[in-house]
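Data first, discussion second: the structure below is written as structure tokens.
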Amino acid sequence: MIVEIGHFALVLAFALSLVLSVAPLVGARMGDARLMGLAEPAALSILALVALSFAALTVAYVQSDFSVANVWENSHSAKPMLYKITGVWGNHEGSMLLWVLILAAFAALVALFGGNLPATLRANVLAVQGMIAAAFLLFVLASSNPFERINPPPIEGQDLNPILQDIGLAIHPPLLYLGYVGFSICFSFAVAALIEGRIDAAWARWVRPWTLAAWAALTGGIAMGSYWAYYELGWGGYWFWDPVENASFLPWLSGTALLHSAIVMEKRSALKIWTVLLAILTFSLSLLGTFLVRSGVLTSVHAFATDPTRGIFILMILIAFIGGSLALFALRASSLTAGGVFHPISREGGLVLNNLFLTTAAATVLVGTLWPLIVESVSGEKISVGAPFFNMTFGPLILPLLLAVPFGPLLAWKRGDLYAASQRLFVAFGLSLAIALATFFIVDRVSVLAALGIAVAFWLVFGALTDLALKAGIGKVSPSVALRRFIGLPRSVFGTSLAHAGLGLTTLGIVAVSALEVERMAVMHPGDAMEVAGYELRFDGMFPFEGPNFTEEQGRFTYLDRSGRERGEIVSSKRFYPARQMPTTEAGIASRGFSQLYVALGDRAPDGGIVVRAWWKPQVLFIWIGCVVMMLGGAISLLDRRLRVGAPAARRARPARPFVEPAE
Amino acid sequence: MIVRWLVVIWLALGVAGAHAVLAPNEMLDDPALEARARALSAELRCMVCQNQSIDDSDAELARDLRVLVRERIAAGDSDDEVMNYVVSRYGEFVLLRPAFTMRNALLWGMPVILLVVGGAFLILSARRRRTAAAGLSDEEARKLDAILGRSD
């Protein structure tokens, strides 16, 4: 019964989303306040209904109701409760339901907190949001219904894919979807602006917090996915340039560009058309990612052709929204007036450079991801585009951007002084160079390239700190005044610095692991030891262990430092999940500072020993710490007074600055 | 859903599970040759996997290919010769980094084309903006004065 209520709520939500996509739009056209007024209750009701539907599915999972096909396919009565709940979105149907839930939640947020938006803009934004919701609700109902029953109900479920039975599934997809779907709001704002043919700085002030929130969530989601892959897949890789990863990385790249161009639009009223286009592109890439992942087109064009219903459905959604919004853009973009003028060497100029490199990087990753599909559909030949291609192209593209980052915040609006900015960055430059030299001479077998990479990482961190120090006036005013000024700095300044420093930390982790990683491999018997980067790894033996829904063979290791002192134990295991008849490996990881000792078990050797692979991953944790710092930067920037709800209205009262000023 | 789908696809292909990728008994005795073999392995795709190099995969076919690469290296082949040999047997599909050929020109050229076109566009529009904002010509200034004078 609960399941049917969930299904019914979803149908009702679909009907309401149709109302939401039409009524406010018509109302805004005709200036009918009553029709526009429908948007708010409709958006809130859709959220309530989708939430009810999601709750119903969750109840079915918690109760292990195997008469529901989706639960039977993806759950097991012996599964721990956490995985019963996370299993709701650990499958295609449930994850699409989560997608729609988050979409509905964003629409409801606009309805709730959009009180100070112009009435027609709000109506149009909600209408566009309603259209997206309608399309995806129809997709769920028509081709991915999670509420289908089976008769007779099986006694036991088929269990969730063991590799998904991890805390990662609780955090990674929801965060990732918050990011993906969060960009839908930017998209809706962009389309609404195009429908109205009017766009101003207030628009940017409204779009920026949504972009920031979505971007921060997506950053966290990608980082979480990366760490999950790192510890779960068993050979210590953190980024594989897999098409599915690229699908989430693409909106991140263009979202980062959007974040920066929206600043220019808000502060200087320039780059309007470009910002609108980026908002459309970013969500389009989110949709494309959903399509690539959901349609099966990635494995092969032919895999797509064998079961095309879902794929074609999403393809239609894709064409309708991307094509429709781009057509609207082509029609209306000229009605948006160009804004402030600036010199190429200026804050705006820096942000434009950022956009150039980020969009080029995004386009490169996009083409690389789609290239095998294109070649196969044109000539029928199968080719591969993998990590070596992306490392070779993405690296050189992103390096100039990393080098330029510290200059950006130090340049003045309209017309900056590159020479003065370089002078101010002199200390940061010297320090990073010194650290590079120190690594080169002290840490052995560091190549010049790695030392330079480390210099770039520290350049980013020190550059970000320099910006804060300069803005606080450290060294120019007395320490107490500087401290007061430091505390009084706008939150967005801290946000910028943290995000840029986080980027530096992530770079540091990536460079250190790529250049300094140590790998060892051996067949080990109990009592054997092997040396890994100065640590001695002693194999104590294999021990059986019984989990709630798996059996496990644990390989226990003790690691000792150079002086022969025991430092701790590492347990690396091979699991077997009887429900799915599937083995998994659980890597054993010990953290030493920010570095990790990573141990994975391989096959049994014929002589009774076991193949052990061990890695020393220096400073690896910085990869994800950097992402968390970036996320934190986004969150702190969100807390900026300017961006808080209600603040835009107060600021709009100020006399408008003249937008066009001579650059000379 | 990055990891989930990665994993699901691998599982569908029956290659997940124990990651006893490269086994110690496969390795070449000469560390220099072995290092070359590892580097080449990272560039070759495991044919039955989703986006995994033969170095990362524990599939039977990946193992065969690893052994093949080492055989060729031990036989004295250069890196290019090994790659050509593998491609001649398995086709371009094994290359994780597509060849520099005319067909892949757009793939490899994309970053450069975009940077050049985008950069040129930016420089041109910056020029245009500057001329547009350069102020009034003498004649325009005189006209403006005249208009302002009359309206006063």
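Some notes on this structure:
- Chain A, relative contact order [Cα under 8 Å, separation at least 6], %: 12 percent
- Spatially proximal aspartates and glutamates relative to residue B:143 (Cα-Cα < 16 Å; intrachain offsets below 8 disregarded): B:152
- Note on segment A:487-529: the C-alpha convex hull projects to 5.7 nm² when averaged across all orientations.
- Span from the segment B:86-112 Cα centroid across to the segment A:272-294 one, whole angstrom: 28 Å
- Normalised by residue count, segment B:60-125 yields a Cα convex hull volume of 109 Å³ per residue.
- By the helix-only formula, in which each DSSP H run with n ≥ 4 contributes -39500 (n - 2.57) and the sum is divided by residues, chain A has a 222 nm mean residue ellipticity of -21000 deg cm²/dmol.
- Counting Cβ atoms of other protein chains within 10 Å of each residue's Cβ and taking the mean over peptide A:87-99 gives 1.
- Eigenvalues of the alpha-carbon gyration tensor of segment A:1-69, scaled by 5 and square-rooted, set the equivalent ellipsoid semi-axes at 33, 9, 6 angstrom, largest first.
- Shielding of A:224-233 by partner chains, average beta-carbon count, 10 Å: 3
- Alpha-carbon centroids, segment A:575-605 and segment A:506-535: separation in whole Å: 15 Å
- Over all pairs of different C-alpha atoms, segment A:518-617 has a mean inverse distance whose reciprocal, the Kirkwood radius, equals 13.9 Å.
- Least to most buried among A:92, A:76, A:343 (fewest other Cβ within 10 Å first): A:343, A:92, A:76
- Put simply, the C-alpha atoms of segment A:52-120 give a gyration tensor, and the ellipsoid matching it has half-axes of 33, 10, 9 Å, longest first.
- Chain A: DSSP helices with Cα axial extent of at least 18 Å and average Kyte-Doolittle hydropathy no lower than 0.5: A:2-30, A:39-62, A:92-113, A:119-143, A:167-196, A:272-295, A:347-379, A:387-404, A:426-442, A:448-472, A:491-516, A:621-638
- Entry for segment A:1-165 at q = 0.16 Å⁻¹: log10 I(q)/I(0) = -0.82, Debye formula applied to identical alpha-carbon scatterers, no solvent contribution.
- Nearest-20 debye value, segment A:518-617 charge dipole, Cβ charges on Lys, Arg, Asp, Glu: 280 debye
- Ratio Rg/Rh, restricted to segment A:384-530 and using Cα atoms, in which Rh is the Kirkwood radius: 1.11
- Taking a straight line from the alpha carbon of residue A:414, these lysines sit under 21 Å away, with near neighbours fewer than eight places off in the same chain left out: A:267, A:272, A:471.
- Per-residue ³J(HN,Hα) for segment A:67-73, Karplus 6.51 cos²θ - 1.76 cosθ + 1.60, θ = phi - 60°, Hz, x for Gly and Pro: 6, 8, 4, 4, 5, 4, 5
- Placing unit charges on each Cβ (+1 for Lys and Arg, -1 for Asp and Glu) gives chain A a dipole about its Cα centre, and among A:221, A:605, A:563 the Cα reaching farthest toward its positive end belongs to A:221.
- 10 Å Cβ neighbours from other chains, averaged over peptide B:103-116: 6
- Burial ranking of peptide ranges A:558-565, A:264-271, A:253-260, B:34-41 (average Cβ count within 10 Å, highest at the top): A:253-260, A:264-271, B:34-41, A:558-565
- Each residue of segment B:114-128 was assigned a 3J(HN,Hα) from its phi angle through the Karplus expression (A = 6.51, B = -1.76, C = 1.60, θ = phi - 60°), giving 5, 5, 5, 4, x, x, 4, 4, 5, 5, 4, 5, 5, 4, 4 Hz with x at Gly and Pro.
- The radius of gyration of the Cα set in chain A, together with its Dmax, comes out at 26.8, 83 angstrom.
A short reminder: the numbers here are calculations on the coordinates, not readings from a lab. These figures come from a predicted structure and were not determined experimentally. So basically every Cβ, Gly included, is an ideal-geometry build from the backbone, and we count neighbours across all protein chains shown.
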